[in-house]
Amino acid sequence: MAEHRNVNGQASNGKAPGAGNAYTIDLVNFSKRLKALYSHWDEHRSDLWGASDALAIATPPASEDLRYLKSSALNIWLLGYEFPETIMVFMKQHIHFLCSQKKASLLEVVKRSAKEAVGVDVVIHVKAKSDDGTALMDVIFRAVCAERKDAPVVGHIAREAPEGNLLETWTERLKNSNFQLSDITNGLSDLFAVKDSGELTNLKKAAFLTASVMKNYVVPKLENVIDEEKKVTHSSLMDDAEKAILEPTRAKVKLKAENVDICYPPIFQSGGNFDLKPSAASNDDYLYYDSASVIICAIGSRYNSYCSNVARTFLIDSNAMQSKAYEVLLKAHEAAISALKPGNKVSAVYQAALSVVEKDAPELVANMTKTAGTGIGLEFRESGLSLNAKNDRVLKAGMVFNVSLGFQNLQTQTSKPKSQNYSLLLADTVIVGEKPEVATSMSSKAVKDVAYSFNEDEEEEEEAPKVKSEANGAEPFLSKATLRSDNQEMTKEELRRQHQAELARQKNEETARRLAGGGAGMGDNHATAKTSNDLIAYKNVNDLPPPRELMIQVDQKNEAILLPVYGTMVPFHVATVRTVSSQQDTNRNCYIRIIFNVPGTPFSPHDTSSLKFQGSIYLKEVSFRSKDPRHISEVVQQIKTLRRQVAARESERAERATLVTQEKLQLAGNKFKPIRLSDLWIRPVFGGRGRKLPGTLEAHVNGFRFSTTRQDERVDIMFGNIKHAFFQPAEKEMITLLHFHLHNHIMVGNKKTKDVQFYVEVMDVVQTLGGGKRSAYDPDEIEEEQRERDRKNKINMDFQSFVNRVNDLWGQPQLRGLDLEFDQPLRELGFYGVPYKASAFIVPTSSCLVELVETPFLVITLSEIEIVNLERVGLGQKNFDMTIVFKDFKRDVMRIDSIPSTSLDGIKEWLDTTDLKYYESRLNLNWRPILKTIIDDPQRFIEDGGWEFLNLEASDSDSDNSEESDQGYEPSDVQSESESEDDDSDSESLVESEDDEEEDSEEESEEEKGKTWEELEKEASNADREMDESDSEEDRKRRKSKAFGKSRAAPSSSRVPKRAKLR
């Protein structure tokens, strides 16, 4: 075992305890634990403490060897620090300390606390450097005899050999005295077994560090070594992992380095030589990662001297036997963890794991480790808490175990000698409770995260899936796909195609299950239209304002327009007005034209009023003539303003009515100071015409609050409503931002939104005009650039500090279930595209695809994506489009247009590594009818091969053997040109031509605007001609089918046909 600093030291800074004022003893903790010690001693004096009348604990000098001692553990547990070369003797009425002057000065403070806690007097014996301490020892022995006249029993730690002159002298005189000696090891073990809240906090921090080092440092390091085929020794990996523990920032952990240490030198094993004991060492052999090889990695770290441990096994191109063994081990390990509940016997934990192995793989029982782990805390292995088949101790809440289970010396059939012998090991730090808490769960042990497939050998690649799928009738063994950088037998593109083929199979199976079960994807996420209330301007005739003149009046208070009709003022609610306009002719006559919303016309759906009064006659429009143009202009302006105000109010009311009720924000109290970030701007901005003000974002107990100096400008964002949180520092952008994508909408001012962003501009977007061209060597220019860089760095650091503190808050037990963590966009994977109307830089994150700088924001959750279709690929195009199809088929697809073709390979690589299935097509597809067809007839979709109709390569290969091969891909629900001319079906084509788009857009714009004055004059004369020339819905569909057939069919003459415009 490698040498290292003393394990039980509080910190590895080399300072002696008690030096100056560097250390202080926590008296509250001391009193509480001294009471626990004495009460435990009284209760279990005969069975655990050896009927001792006094407890003598001697702590040896500090050492650089890696060791765990109960005497040191008691020092830390009781006093908070290790006191080397110190003797403590606990009696019913006194506590004696024998130590140096420096330690004595530190221990002086415990005298009063000990008296108040258990009523004992603390006596401190100071040993001079030149003194051997025998005289002081005699004083202690006489005190022991004074308390118990007849042969007192003195308890000591029998297994700890004395070190140093002081302890050797003490041990020798203790044995030669007239005392009866008994071993108190079991008493101390039982005392340390159940951890209090402070100890559990230290253990969880240690476990978090251990799991983070494994996840964020060790696993990426191993992947890089294997992917680039580097030659690295186990010992060098051990050194790197140890540095990552001692410097937590390397593992993205914010813990003080002086409080952390290793439990043991990290263990890396491969190449057939395996030792599953914690005392194993990493040798100088190279890491072996050929086919069917196994890599075992175990690391342990300590925080404030409390230990944690995690061990993982990584499978490289595993065969069926190895895959099965790992799955059985994983299941047995989970069974052992599940058995760690209060009231169960310790032996039940091992028996739970053994039962799984006996049932699923009885041939592996002989290779199973004889224990399932040990207790863990101040000692890496707590004696008396071994998880074996014979331990009948009862589990209690607050106990902590290192659940370590493995199979050793397994054999597999392979041509490579170093892969024939292998072992498997899994270990986690687990806290006993009604629901056992795995403190190291951050480090995944799932099959998909530990099994790697490099596809090095083509023959093995072809045979492996067959073997795996047949073994025990289990599903194929899924593995993480990682690519080699060297150009070997299979290129990256071929490997990507193989992986995509497997993803296609999985995706079709998943979609079939979902459609068959009517589960996700069949739900309707479209918000139902909220019916409007009855529009009432006046409740009765008496409420009408008295008529002044027969002129158009606007009643602002009652939101009504009074129009003179046949000498009577008739009221109309302003919400019934669709448009209002005015016009002046050559005779200086002014005309005002008011068009009302009438049920049944385009863009005027039926509301509750129209459905209630179906037999009523509605006024469609009305025109008035006036000689007073000023009055007409004022009326038009008043109607438009009033209509705008009512529409805005009703819109806000409707949006608020659909909001999900949020929990109330719990403000931070005195104990928990809110985490603040000041001088932020918010998007979307608050309403109002006042000057926009920056505000402060605060993190409270269960949510964020953003507020400005104005009372009405306040936004609360609950942690439970946050779906994704992003932090994007300014690199090539002008802003540093925090962005929250929410589960449910909230109101920001009068705007309903699911995306809220807080940002700071890192530099002023100001350009000096007329200043001429400045030299690059101008001192003022250089100084200004430096100031901008400093400002940007300071803002980024402030944001990073806020993010780290909030991540720590989200990591607390009460919020851990929300699974929140700030995600940071990966700029190196970004690409330009047009998600809405303008080009933007779109960047992937670990869980989303986002664009957070330009509005409207783009946030797409990767787990909600069904497939991605890359359209307009090839044909010498400079750009292509990306269509994202969601698992909810009733949700519109998301299109990102005009992506440069140079980004194609990078996007394919990213989609493949995130296990997203993508297809390629040469034309844009009309997705609404496609998804409608799938929803209407899911069984037909499944029977036709699911998404494989998008597989361009498959369709091309099929068409090569047919007479119509030149027509390219044509979906089954699209008819040929000749059939579409005669068929009157309602099916729509997948591709829309330019003519149809322009025609549809013209029709929509005409219907939306209403008729002009000239159209009204010609309406009677042109009615018949318009009836003859108008297109029916069936004609439009037939023409779309023609356009599709012409665009895809082979040219029938030498003339080059016109290509349909691609959307």
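For the range 734-754, name all the residues that are open to solvent by 30 Å² or more (accessible area, probe 1.4 Å) and closer than 30 Å to GLU828 by Cβ. Those that are open to solvent by 30 Å² or more (accessible area, probe 1.4 Å) and closer than 30 Å to GLU828 by Cβ: MET734, HIS743, LYS754. Flag: LEU378 matches the condition of being farther than 23 Å from ARG312 by Cβ, surrounded by 19 or more Cβ atoms within 10 Å (Cβ to Cβ), within 34 Å of the chain's Cα centre (by Cα) and not charged (D, E, K, R). Exactly one residue out of THR608, THR586, THR661 is touching an Asp or Glu at 6+ places or on another chain (Cβ under 8 Å) and at pLDDT below 85, and it is THR608. For first residues located in the range 892-907 and on the phi > 0 side of the Ramachandran plot, partners that are outside any helix (DSSP H, G or I) and open to solvent by less than 40 Å² (accessible area, probe 1.4 Å) and lie 6+ apart or on another chain with Cβ distances below 8 Å form the pairs SER898/GLY833; SER898/VAL834; SER898/ASP881. Selection over the range 41-77 of residues that are more than 48 Å from the chain's Cα centre (by Cα) and either open to solvent by less than 10 Å² (accessible area, probe 1.4 Å) or of a type in the set (A, V, I, L, M) (or both) gives a count of 8. Exactly one residue out of ARG653, ARG643 is in a helix (DSSP H, G or I), open to solvent by 70 Å² or more (accessible area, probe 1.4 Å) and in contact (Cβ under 8 Å) with a residue 24 or more places away in the chain, and it is ARG643.
When the residues of the range 863-880 are filtered to those that are of a type in the set (A, V, I, L, M, F, W, C) and closer than 19 Å to SER901 by Cα, the one that is surrounded by the most Cβ atoms within 10 Å (Cβ to Cβ) is PHE880.
If the condition is being open to solvent by less than 50 Å² (accessible area, probe 1.4 Å) and more than 13 Å from ILE682 (Cβ to Cβ), then the range 699-712 contributes ALA699, HIS700, ASN702, GLY703. Is there a residue in the range 246-267 that is under 25 Å from SER291 (Cβ atoms) and of a type outside the set (Lys, Arg)? There is at least one residue in the range 246-267 that is under 25 Å from SER291 (Cβ atoms) and of a type outside the set (Lys, Arg).
Collect the residues in the range 37-71 that are part of a helix (DSSP H, G or I) and over 16 Å from ASN186 (Cβ atoms), keeping them in residue-number order. Across the range 37-71, the qualifying residues are TYR38, SER39.
Every residue in the range 722-732 that is out of contact with any helix residue (DSSP H, G or I) (no Cβ under 7 Å at 6 or more places or on another chain) and open to solvent by 30 Å² or more (accessible area, probe 1.4 Å), please. Working first, answer last.
Residues of the range 722-732 that are out of contact with any helix residue (DSSP H, G or I) (no Cβ under 7 Å at 6 or more places or on another chain), as a first pass: 722-726, 728, 732.
The answer is LYS723, LYS732.
Can PHE208 be described as open to solvent by less than 60 Å² (accessible area, probe 1.4 Å) and either more than 30 Å from ASP808 (Cβ to Cβ) or part of a helix (DSSP H, G or I) (or both)? Talk me through it step by step, then tell me what you get.
Values: open to solvent by less than 60 Å² (accessible area, probe 1.4 Å): no; either more than 30 Å from ASP808 (Cβ to Cβ) or part of a helix (DSSP H, G or I) (or both): yes.
No.
Screening LEU255, LEU222 for residues that are modelled with pLDDT under 95, closer than 30 Å to TRP810 by Cα and not in a helix (DSSP H, G or I) leaves exactly one candidate, LEU255.
So, of the residues in the range 285-342 that are in a strand (DSSP E or B) and among the β-branched types (Val, Ile, Thr), which turns out to be surrounded by the fewest Cβ atoms within 10 Å (Cβ to Cβ)?
ILE296
Taken together, the residues in the range 810-857 that are open to solvent by 10 Å² or more (accessible area, probe 1.4 Å) and within 30 Å of LYS435 (Cβ to Cβ) amount to 15.
Restricting attention to the range 677-698, the residues that are surrounded by 12 or more Cβ atoms within 10 Å (Cβ to Cβ) and of a type in the set (D, E, K, R) add up to 3.
Looking at the structure I just gave you, is ILE860 without any contact (Cβ under 8 Å) to a residue 40 or more places away in the chain, open to solvent by less than 10 Å² (accessible area, probe 1.4 Å) and of a type in the set (A, V, I, L, M)? Show your work before the answer.
Working: without any contact (Cβ under 8 Å) to a residue 40 or more places away in the chain: yes; open to solvent by less than 10 Å² (accessible area, probe 1.4 Å): yes; of a type in the set (A, V, I, L, M): yes.
It is true that ILE860 is without any contact (Cβ under 8 Å) to a residue 40 or more places away in the chain, open to solvent by less than 10 Å² (accessible area, probe 1.4 Å) and of a type in the set (A, V, I, L, M).
Across the range 551-580, what is the total count of residues that are loosely packed, with under 15 Cβ neighbours inside 10 Å and either modelled with pLDDT of 85 or more or under 19 Å from TYR618 (Cβ atoms) (or both)?
To start, the set of residues in the range 551-580 that are loosely packed, with under 15 Cβ neighbours inside 10 Å comprises 556-557, 565-568, 570.
From what is left, the residues that are either modelled with pLDDT of 85 or more or under 19 Å from TYR618 (Cβ atoms) (or both) are 565-566, 568, 570.
Total satisfying the criteria: 4.
The residues in the range 777-809 that are aliphatic (A, V, I, L, M) and open to solvent by less than 70 Å² (accessible area, probe 1.4 Å) can be counted, and the count is 4.
Among the candidates VAL843, VAL873, VAL853, the residue that is in contact (Cβ under 8 Å) with a residue 12 or more places away in the chain, outside any loop (DSSP other than H, G, I, E, B) and among the hydrophobic types (A, V, I, L, M, F, W, C) is uniquely VAL843.
The values are calculated or read from the model by the stated rules, or taken from the named source; none is laboratory data. Just so you know, these numbers come straight off a predicted model, no measurement behind them. Because the Cβ atoms are built from the backbone with ideal geometry, glycine has one as well, and the counts that use them run over all protein chains shown. SASA here: full protein model, heavy atoms, side chains in, ligands and nucleic acids out. Shrake-Rupley method; radii C 1.70, N 1.55, O 1.52, S 1.80 Å.
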